[in-house]
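Rule-based calculations on the coordinates, nothing more; no lab input. In this text the structure is predicted, and so the values were computed from the model without any measurement. Reconstructed Cβ throughout: ideal geometry from the backbone, glycine too, with neighbour counts over all protein chains shown.
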Amino acid sequence: MIARAFLATALIFGITSALVPVSTMAETCRDGARNSDELARGYRSAVRDLSNACTNKTDAECLSAEAALDAALVALTAQNSTLKQDCVATAPPPPPPGSAPKPGNLVITEAMVNPNAVLDTSGEWFEAFNATSVTLNLKGVTVSTNAAGCTIDTDLIVQAGAYVVIGRNANQNTNGGVSVDYLCPALALDDVGAFIAIRYQGTIIDTVSFVGFNGVAGRSISLDPSAQTAVLNDNINNFCSASTQTQLPGGDFGTPGRPNPTCATVNFCASDTNCGSGQYCNTTSQQCVAKSPSGGTCVASNQCLGGVCSSNFTCQ
Ligand SMILES: [Ca+2]
Ligand SMILES: [Ca+2]
Ligand SMILES: [Ca+2]
């Protein structure tokens, strides 16, 4: 009986080699194994069963086992066909490019903390810059803001020297016309004193705090391009309100996803607190302009350099 089992074993491999050419079984499968490996396991199992079936058995019993094995081979051949199709259809995609960010690799460059065209719950966003010479993948990065934040749970690729925009609402029809790269509905940026932190695996990549910045509704807070580092954006004086040349489709101002313009010599303002000494805020043009010296003519009560304007708007 043992001799017959060996004969049957040789027959099995002879038959299966003819039925299933090795060259058709080389595709990588979904589980990382190969077709040939999976089939080989099936064959080994079938041979083991046959050896056991023929041990101390009659010829008739062994022939019966062989018949059962023939049926098993037919099933294995069909399985190979299925596996092959499965493997072709589910070949794993190549891994996405990009490195995880390290401290300073990302720089927060701009934020819309107080949109005017839409509600804050629809129109808040911030922008970050890839300050490295390599592609970054932000998957796993955690964003913290004043009230809440989010963890980026998909591949988010940012090319070297490019910008990424993370926003509260990705619908450009309802967010002021901003193209958002990653939706973070829990984002919440206080109009005054907004705070943003980007971390990867608990390590801070960059933070900004807008405490002390008197922003203007409808204008993003924009970092001067000369200060585009994770250290220099800690100085609130390196930011300015977005200029009039950067109007978004919804009517507000900013450059989401694009380089920031140089902070102009014109300071945009909402009130006198936005302006330096010797200036006041012209609320019509939203620009800081020089106050009138004593004896000059005023057009507003807060325009006088030395004091207040009289009722006939002469600076006293
Ligand atoms: Ca806000
Ligand atoms: Ca910083
Ligand atoms: Ca920008």
Note on the stretch 269-316: the mean projected area of its alpha-carbon convex hull, in nm², is 2.8
Within a Cβ distance under 14 Å of Ser241, other residues only, what is the Lys/Arg minus Asp/Glu net charge?
-> -3
Can you bin the stretch 142-259 into rounded, prolate or oblate? Criterion: square roots of the alpha carbon gyration tensor eigenvalues sorted a ≥ b ≥ c, rounded for a/c under 1.5, prolate for a/b above b/c, oblate for the rest.
-> rounded
Hey, fewest Cβ within 10 Å first, where do Ser241, Ser285 land in order?
-> Ser285, Ser241
Residues Arg168, Arg48, Arg199 arranged by fewest to most Cβ contacts within 10 Å = Arg48, Arg199, Arg168
